[in-house]
Amino acid sequence: MNHYDYKPFEHGLDEFVERLKNPAASRALSRLKFMVLAAAWCDYGIWDTETDNEEALAAAWEDMHLAFCGFGDSSMTGVVIHLWTAVGSDFWEAGVSCLNEAASAAEEATSKTVARRYLLHYRIQTVRTPEMGYDLPAVVPVTGSRIREWAAKNGLPPRKTEAQMALIEEYERLGLINLEAEGYFVGHGGAQFEPGSAMAVNPAMAKLQPPTLKLVE
């Protein structure tokens, strides 16, 4: 397998919602999955006969996992919040525990030889509920059109920036470098800022060391 193994995360989400026996939550989950498919269609060309459908879906599910951690763009964050609202606050704690375990299982199921779209600092963050806040910035992946667009807006060479970030991600994934946290984000124009909501590491991934280079939209 040469892509993120999203199945454990998707299955954990399915099992959690199924246990609720809540029609509104089931509809909300269906909408969320349609958003994953929309991302695979619009951003990763799943419509193209030359595209590997599983790779396109895997990329979209990586984005969705980050949205659950509060780092998604508004389109994905919206369906995540809608799902939590339909689930109901009485079940948020159980949902966070279930999805954190599912995210950890997906991380462990994905080989270290597989390139990842996001740095470890973001992947190890806990799943968030509305009460934890969704004011974290939308993270830019290390490869693809969004990182090239980010580079261009910040006066950097798009292809070179993408190649450099992909190399950093590879070195980090293989344990050749360890990026240390600095507590700020770099936004458009190179401006540094901090989100209002505190970040928290997923307990199931606490054994992993969080690095820090941060790129956000």
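Every number here is computed from the coordinates shown, using simple stated rules; none is lab data. Please read these numbers as outputs of a predicted model, since none were measured by experiment. Quick reminder, even Gly has a Cβ in these numbers, built from the backbone with ideal geometry, and neighbours come from all protein chains shown.
Worth a mention:
- Taking every alpha-carbon pair under 8 Å whose residues sit at least 6 apart, the chain reaches a relative contact order of 23 percent.
- The phi torsions of segment 137-152, fed into the Karplus equation with coefficients 6.51, -1.76 and 1.60 and a -60° offset, translate into couplings of x, 6, 7, 8, x, 7, 9, x, 5, 5, 5, 5, 5, 4, 4, 4 Hz, rounded to whole numbers, with Gly and Pro shown as x.
- Helix content alone sets the calculated 222 nm mean residue ellipticity of the chain: runs of n ≥ 4 DSSP H residues at -39500 (n - 2.57) each, divided across all residues, give -16500 deg cm²/dmol.
- Working from Cα pairs under 8 Å separated by at least six residues, relative contact order for segment 92-157 is 32 percent.
- Label selected from (1) 61, 29, 12; (2) 26, 20, 17; (3) 43, 20, 17, the criterion being semi-axes √(5λ) of the Cα gyration tensor in Å as computed here: (2)
- Along the axis of the charge dipole computed for the chain (Cβ charges of +1 for Lys and Arg, -1 for Asp and Glu, origin at the Cα centre), the listed residues Pro8, Gly144, Ala60 are led at the positive end by Gly144.
- Were the residues from Asp52 through Glu93 laid out at 0.36 nm apart, the gain over their Cα-Cα distance would be 11.2 nm.
- Peptides 50-56, 25-31, 95-101, ordered by how many other C-beta atoms sit within 10 Å of their residues on average, highest first, read 95-101, 25-31, 50-56.
- Residue separation of Arg159 and Ser74 scaled by 0.36 nm, minus their Cα-Cα distance, works out to 28.0 nm of gained length.
- Least to most buried among Met76, Met199 (fewest other Cβ within 10 Å first): Met199, Met76
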